[in-house]
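For reference, the structure discussed in these notes is given below.
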Amino acid sequence: MNSRFLLFFCGGVIFITLFFGYEGYRAIPRETMGYLFLFLTLGVYALAGIYFRTTNINEYYLANRNISGLKNGMATAADWISAASFISLAGQFYNLGFEGYAYLIGWSGGFCLLAFLVAPYLRQSALYTLPDFFAHRFPRPSQNKTLGPNLSSHTNIDTDHANLNMRLTAALASILICFVYVVAQIYGVGLIVSRLTGIDFTIGIFIALAGILVCSFLGGMRAITWTQVLQYLILILALLLTLGWISMKHFSNPIPHLAYTQILAKTQGLEIQNKNDSKENEIRYRYELLVLDYQKKINALPQSWREEQNKHLFRLNHLKQNNASFDLIKKAEAELAQFPKNSEEAVVVWQKALIEARQHSHSLNDLTAPANNDIREGRWFNFIALVFCLMIGTASLPHILTRSYTAQNVRAARKSIFWTLFFILLFYLSLPLLVMLVKYELHTQLIGFSFDALPNWVLYWTQLDRKDPLLHLLDMNGDNIVQAGEIIFSNDSLMLAAPEIASLPFVLSALIAAGALAAALSTADGLLLSIASICSHDIYFHLFSRESVPRKRVTVSKLVLLVMAMLAAYLASLRPGNIVLLVEIAFSLSASIFFPSLVLAVMWRRANYYGTLWAMAVGLLVTVCYFFLTYPGTGGSPDSGLLDIGHGAAGLFGVIAGFITHAIVSSVTKPNPATDQFVAHLRRA
Amino acid sequence: MEPVNPPPSTEHLIENLTDHIFDSAQWRQKRKLIAYACVTWFDVTLITLLLAPYWRGWGYPLTAFYSVILGLPIFYLVLIYVLNQQILKLSQKYEKTS
């Protein structure tokens, strides 16, 4: 797949978009367009998957280690830009304002750590998986053979060097992290497919599963690398074309980055007006009352739960006795059914509602500077902690680290990190612009208009998912006029709805959905392949069947991939929470379990087996404890956190604890000189 | 009688320790570069983030927006490019000498 083909591919995507955008979009129904984009893009990925199919173990695991820095960078960027980045980050910016930039700074800054402290050394080790690296660098002290660079040839590894305890620990940790992350991706895929085609969310998940499998199942890393290159091109074109179209519409400039100041000035002016509007203040006041009400109810538990339940029962009986309309009775029954079943469930539900109400009690958050109340409330510590946690998590995610192994050599691995960040920034630096443009559209097309004349897209998005609405529009003050405070977007809907909010041709909605699908599929593919490689190489081969031939291991890897994909799809169909939350958990876990040991593996010769095992265990324990203490969904409270640092940055404490534990345990236990030669080899990178 | 192995001087001990930590001149230089990169990365990030809330007064909102949001990720990109070039040069030297 050469550069000429990639240019031709980009040209094709642009041509199709412009064609349907200008000429054919009125003639083709929405559903047809949705199906067209879904099957066209899945078809291209499937063709790439079939074309690059392989049963060669080196090609399946590592794409034969012959991917250039530029292409590896583009593939890593697609691997990196997940459903969380593509679908949810825009919503985060909209809802959190400046605070949302923690994700942008954290996710881009982590590549410095990856470039300087981790990736080149992993490539220099020339191994297969992350657990492989841990097993070679941290052998058990009894294994006193000198471990040299030749260990990299996995076929020569003898049983002693397999270091099963360390390998298994690292393997299980990697699988846990990748699995949490992949569930979030498949959830995103389901959301997009149901959006593109209008079919049920659960069916959407299983259709998209076919798309994931067709890329990774047949060709492993070799096929995934090339499909990821294509997926990156689709997702970046989707974003840039949509942005350009909206920018052209309002500012007569197809490159919105050049119209930044104009966009900023206009949106800023509207937001200041909105902040000072008396009706907006009334909405915010109502939310403040709601916060106080929830607080009161939580403090008075379990008595308050009984009282509330009695109120619901009384209302239902009253309606029935007075022969109220069927709709009213049905509504009251539904409210009672949704009411928490006991006081423990009530804490969780009310805490969540309290946090949401508190968020809406602030004005729509400013995108250009942190709000003053953030500084006063100490939320700035949370911002900084989240930034660092995401940075460290970025440098330790197993599926991103695996990509370092596929580069041609150390030089290509270093270069690929630069290109990865370049391609990621192309996406990340455009995203805030889209949110500003959407805000501008909302202020000019929806806010201040009557509830009786809502645009079609509002009705569509409010009804798309009844269980977990993607858009809420509630007339809080009963004036029948839409205020900014009354529009509540879920994080996962803003990006997908952006073209419709801006009244663009439907082809751009389909393209954005195809871009989001590409983002979710590319990450899901990378994650599933990482899990499958670890299961077949580190667990099946090293633990159970040392004599198995490479072809059989590839078959095992494919079977594991299939099972894991099905399991993740099943869990995603249960709607485990929002995408960003799952991603935050995955980052915290990977940061706290892997980062201290990965850095010390190269930088500190004395770092040993015991230090690593203890650091992993303590890091994980501290992270999990802090998460449970501060996350309302598990009965914790955000107020219990240290310096107001929330559950999203739980991993930071795990990393600190991990480094300290590693330093202490490695210092007090015997060093292992057997690994000196291996460390010296790594340091040549 | 003089001892066969005289006790090592403090200077000798420090030298040994340094040798243990930095096992070659190239690695020492490379490690310094990596340390500089990480310290610069950490300091710039932290200082920018600590100052960000107070940038309202300095030509708000453009200064804060451009400096924090666009400036920091681009700074990371430049840092990786420049330091990677230097490290690659050192690596080549390392390969030639070893």
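The values are calculated or read from the model by the stated rules, or taken from the named source; none is laboratory data. Treat the numbers as computed from the prediction; the structure is a model and nothing was measured. With ideal geometry, Cβ positions are generated from the backbone for all residues, glycine too; neighbour counts draw on all protein chains shown. Surface accessibility is based on the protein's heavy atoms, side chains included, excluding ligands, DNA and RNA. Shrake-Rupley method; radii C 1.70, N 1.55, O 1.52, S 1.80 Å.
General remarks:
- From the largest down, region A:46-113 spans 48, 29, 18 angstrom on the principal axes of its Cα atoms.
- Distribution of pairwise C-alpha distances over region A:434-547, 5 Å bins, in %: 2, 10, 15, 17, 14, 9, 6, 6, 5, 5, 4, 3, 2, 1, 0, 0
- Extended-chain gain in nm, criterion 0.36 nm per residue less alpha-carbon gap, residue A:677 and residue A:543: 45.7 nm
- Peptide A:104-117 - average C-beta neighbours from other chains (10 Å radius): 6
- The value obtained for region A:27-66, namely the Cα convex hull volume divided by the number of residues, is 81 Å³ per residue.
- Taking the 1.4 Å solvent-accessible surface of the protein assembly as shown as the whole, the part contributed by carbon and sulfur is 62%.
- Contact order, relative form, for chain A: 30 percent (alpha carbon pairs under 8 Å, 6 or more residues apart, mean separation divided by residue count).
- By average C-beta atoms within 10 angstrom, highest first, the peptides A:544-551, A:455-462: A:455-462, A:544-551
- Among the listed pairs A:415/B:30; A:275/A:439; A:296/A:320; A:670/B:32; A:297/A:331; A:71/A:415, those whose Cα-Cα separation exceeds 20 Å are A:296/A:320; A:670/B:32; A:297/A:331.
- Rounded FRET efficiency, nearest 0.05, which uses the C-beta distance separating residue A:296 from residue B:50 and R0 of 25 Å: 0.10
- Taking a point 7 Å out from the Cα of residue A:474 in the direction of its Cβ, the residues of region A:281-306 whose backbone N falls within less than 17 Å of it are A:281-298.
- Between A and B, accessible area buried - total, square angstrom, nearest 100, 1.4 angstrom probe: 4200
- Shape call, region A:562-685: gyration tensor on alpha carbons, a/c limit 1.5: oblate
- Cα-projected label distance for residue B:35 with residue A:604, points at 7 Å along beta-carbon direction, nm: 1.5
- Which of A:121, A:181, B:36, positive extreme of dipole for the protein assembly as shown (C-beta unit charges): A:121
- The peptide list B:35-44, A:503-512, A:86-95, put in order of mean Cβ contacts within 10 Å with the highest first, becomes A:86-95, A:503-512, B:35-44.
- Potential extension, residue A:456-residue A:275 segment - 0.36 nm per residue separation minus Cα distance: 62.5 nm
- Over chain A, DSSP H runs of length four or greater, each weighted -39,500 (n - 2.57), average out per residue to a 222 nm ellipticity of -23000 deg cm²/dmol.
- Residues whose placed amide H lies under 5 Å from that of residue A:636, excluding near-sequence neighbours: A:631
- Between residue A:429 and residue A:639, the FRET efficiency estimated from the beta carbon spacing at R0 = 30 angstrom works out to 0.30.
- Taking a ≥ b ≥ c as the square roots of the eigenvalues of the alpha-carbon gyration tensor, region A:374-444 is classed oblate because a/c is 1.5 or more while a/b is no larger than b/c.
- Between residue A:335 and residue A:55, the simple spin-label model (points 7 angstrom out along Cα→Cβ) gives 6.4 nm.
- Pairwise FRET efficiency - residue A:165 versus residue A:664, Cβ, R0 = 25 Å, nearest 0.05: 0.80
- Anisotropy class of chain A from Cα gyration tensor, a/c 1.5 cut: prolate
- Dipole moment magnitude, nearest 20 debye, chain A about Cα centre, only Lys, Arg, Asp, Glu C-beta charged: 2300
- Accessible surface computed residue by residue for region A:1-142, with neighbouring protein chains in place and a 1.4 Å probe, gives 33 Å² per residue.
- Annotation: peptides A:252-265, A:405-418, ranked by per-residue average of other Cβ atoms within 10 Å with the highest first, follow the order A:405-418, A:252-265.
- Size descriptors for region A:268-325 (Cα atoms only): Rg and Dmax, in that order, 18.4, 54 Å.
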